[in-house]
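Chemist: Structure provided below as structure tokens; questions to follow.
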Amino acid sequence: MTREDFAIERHLRGQTTTSARSSSGASCSRAALTMTSKAASLVDLERVHSGHGLAAHHGDVVLEYGDGAVVVTADEDRYIDLFAGAGRCIIGHGPGRFSEAVAAQANRLVVSRHTTAVAVGYVERLLSLVPSELDHVTFFSTGSEAVDAAVRLARAFTAREDVVVFERAFHGRTAGTSPLTHPVPWTRPHACTNVHRVGYPVGDKEGTTAENVLLEIRRHHEESGLGLAAIVIEPIQGTGGNRPPVPGFLATLSDLCTELGALMIADEIVTGFGRTGAMFVSPDEGLRADIITIGKGMGNGFPISGMLASSNTVGATSFSMPGALSSTFGGNPLAMAAAAATLDVIVGDGLAEAALTNGSAWLSELSLVLSDIPVVTSVHGRGLMIGVKLRIPPDSPRTRLLDRALLDQNLLVGVSGDMLRINPPLTITPEQASRATAALAAALASPGWAES
């Protein structure tokens, strides 16, 4: 721990203690104080015993339940959830139809390796929403599994090894996927080697251009002796700050990928299922994906992911063998029921269309309101996948103070280096979005965190 880290830790501890003593004002009850103390104790226990590692960065907040885009603590403190578990809670917390469908399936059949009506019904519905050539789907539990399978399939199909990925990408933290992620989460040898990283053109003055990225990919393909198996890209970067590339880049990248005989893997684990205003970004932006990975909001927080490909691609490899792409929990009836219920709400309630309309209005509002705050560089995004770029170093420990400033404004927001990630449930109302805008402005303009 550096001296600055230590000072911030001490500052946060002091803030937490003060908040526990005065969170309900001078007349706060002993019950509230006891509950706050209990919450702090639970967070301390998680810090010591859990490998999750997030509690130390997210303050002494212990959540009890949620309703739509709002989550509530044991003290009945209410927060607008602009993060939704990195976009997982896509139709909101506590939705009745979703909960009822999952409970009903849990009472019928939880796991099975055999055919079930709920699984077949979901597959048919899902495939009707993607390009017709993607007629094969395999289910997993996590995004990392889906991406790992996609890369293995691409290498098997092309009989090549090289994979191109992008700066600030996130594709997982397992041994097979962490080399695809930037920065790489760990430095020991990995199963997935022969990875070449290029810039991600977003149109900022300091960044790379689309033309230079395409030239770099072509140069690497020509100089490498292993051949390019796949290009893996998030159509809009998630963990990298909800950053869309410059217009036209995805379609041009597809052209190059086809020319080089590689497979295009679109990682739509964050962008999929209506978050950006389209069910999937790839076909909407001209990205002709040979493989699409899906997850996150797919099951409204229930662990499920998938890989979409063509049956011709899968059939040309050993992965066509029964069980070759199997996963312990992949495609179980309970997960299928959660995914089916989620999709019913997204399609039935027109949430993708609402995300486009409400997200566009909110993006304009945020751009206007935050433009006068010195620490804000830009506001960007599409639909309800919005990013705010900050004028701080990406590795600054002061982001922990920003986390606290946001919590003090009753907001849950994803802080990713020099970016804020706004991925609320698609059910967030315009009124909630406007309240969040004011709270965001207050937190970003607060004197404590940026000047520490």
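The values are calculated or read from the model by the stated rules, or taken from the named source; none is laboratory data. This structure is a prediction, so every number in the text was calculated from the model and none was measured. Please note: Cβ atoms are built from the backbone with ideal geometry, for glycine as well, and neighbour counts cover all protein chains shown.
Chemist: I'm checking my understanding of the structure. Among residues of segment 241-259 that are charged (D, E, K, R) and within 16 Å of I231 (Cβ to Cβ), which one is surrounded by the most Cβ atoms within 10 Å (Cβ to Cβ)? Please lay out each step first, then the result.
Modeler: Filtering segment 241-259 for residues charged (D, E, K, R) gives 243, 255, 259.
Narrowing the set further to residues that are within 16 Å of I231 (Cβ to Cβ) leaves 255, 259.
On the way: D255: 12, E259: 10.
Result: D255.
Chemist: Exactly one of these conditions fails for R435: (1) crowded, with 16+ Cβ neighbours inside 10 Å; (2) at pLDDT 95 or above. Give me its number.
Modeler: (1)
Chemist: Within segment 141-157, restricting attention to residues that are under 22 Å from the mean Cα position of the chain (by Cα) and of a type in the set (D, E, K, R), which residue is nearest to T328 (Cα to Cα)?
Modeler: If we take residues in segment 141-157 being under 22 Å from the mean Cα position of the chain (by Cα) and of a type in the set (D, E, K, R), then E145 is nearest to T328 (Cα to Cα).
Chemist: Search segment 122-138 for residues being among the hydrophobic types (A, V, I, L, M, F, W, C) and assigned to a loop (DSSP other than H, G, I, E, B), and hand back the single one that is surrounded by the most Cβ atoms within 10 Å (Cβ to Cβ). Full working, then the answer.
Modeler: Residues of segment 122-138 among the hydrophobic types (A, V, I, L, M, F, W, C): 123, 126-127, 129-130, 134, 137.
Of the ones still in play, those that are also assigned to a loop (DSSP other than H, G, I, E, B) are 129-130, 134.
Numbers: L129: 17, V130: 20, L134: 23.
Looking at the filtered set, the residue picked out is L134.
Chemist: Quick test of your reading of the structure: P394 fulfils all but one of (1) surrounded by fewer than 17 Cβ atoms within 10 Å (Cβ to Cβ); (2) in a helix (DSSP H, G or I). Name the failing condition by number.
Modeler: In the conditions (1) surrounded by fewer than 17 Cβ atoms within 10 Å (Cβ to Cβ); (2) in a helix (DSSP H, G or I), P394 misses (2) alone.
Chemist: Now for a different question. Across segment 66-87, what is the total count of residues that are within 13 Å of F302 (Cα to Cα) and buried (at least 20 other Cβ atoms within 10 Å of the Cβ)?
Modeler: Of the residues in segment 66-87, 2 are within 13 Å of F302 (Cα to Cα) and buried (at least 20 other Cβ atoms within 10 Å of the Cβ).
Chemist: Consider T342 carefully, then state whether it is of a type in the set (V, I, T), closer than 20 Å to L109 by Cα and at pLDDT 95 or above.
Modeler: yes
Chemist: Okay, next question. Here's a check for you: in segment 366-391, which residue that is buried (at least 17 other Cβ atoms within 10 Å of the Cβ) and among the charged types (D, E, K, R) is nearest to V270 (Cα to Cα)?
Modeler: Here the residue is R382.
Chemist: Okay, moving on. Can you tell me which residue in segment 397-416 is farthest from A438 (Cα to Cα), limited to those that are part of a loop (DSSP other than H, G, I, E, B) and modelled with pLDDT of 90 or more?
Modeler: Going through segment 397-416, the residues part of a loop (DSSP other than H, G, I, E, B) turn out to be 397-398, 409-410, 413.
Keeping just the survivors that are modelled with pLDDT of 90 or more gives 409-410, 413.
Numbers: Q409: 9, N410: 11, V413: 14 Å.
Filtering segment 397-416 for residues that are part of a loop (DSSP other than H, G, I, E, B) and modelled with pLDDT of 90 or more, the one farthest from A438 (Cα to Cα) comes out as V413.
Chemist: So, one more: Taking E124 as the residue in question, decide whether it is modelled with pLDDT of 95 or more, of a type in the set (D, E) and under 17 Å from the mean Cα position of the chain (by Cα).
Modeler: no
Chemist: Filter segment 336-391 for residues that are under 30 Å from I304 (Cβ atoms), outside any helix (DSSP H, G or I) and in contact with a strand residue (DSSP E or B) (Cβ under 8 Å, 6 or more places away or on another chain) and give the result. Steps first, answer last, please.
Modeler: Kept after step one, since they are under 30 Å from I304 (Cβ atoms), are these residues of segment 336-391: 336-360, 362-363, 380-388.
Okay, now just the ones that are also outside any helix (DSSP H, G or I), so 349-350, 380-388.
Across segment 336-391, the qualifying residues are H380, G381, L384, M385, I386, G387, V388.
Chemist: Can you say whether T258 is touching a strand residue (DSSP E or B) at 6+ places or on another chain (Cβ under 9 Å) and touching a residue at least 60 places away in the same chain (Cβ under 8 Å), as far as the supplied structure shows?
Modeler: So T258 fails the test.
Chemist: Can you pull out every residue in segment 360-382 that is free of Cβ contacts under 8 Å to residues at least 24 places away in the same chain and hydrophobic (A, V, I, L, M, F, W, C)?
Modeler: L363, L368, V379
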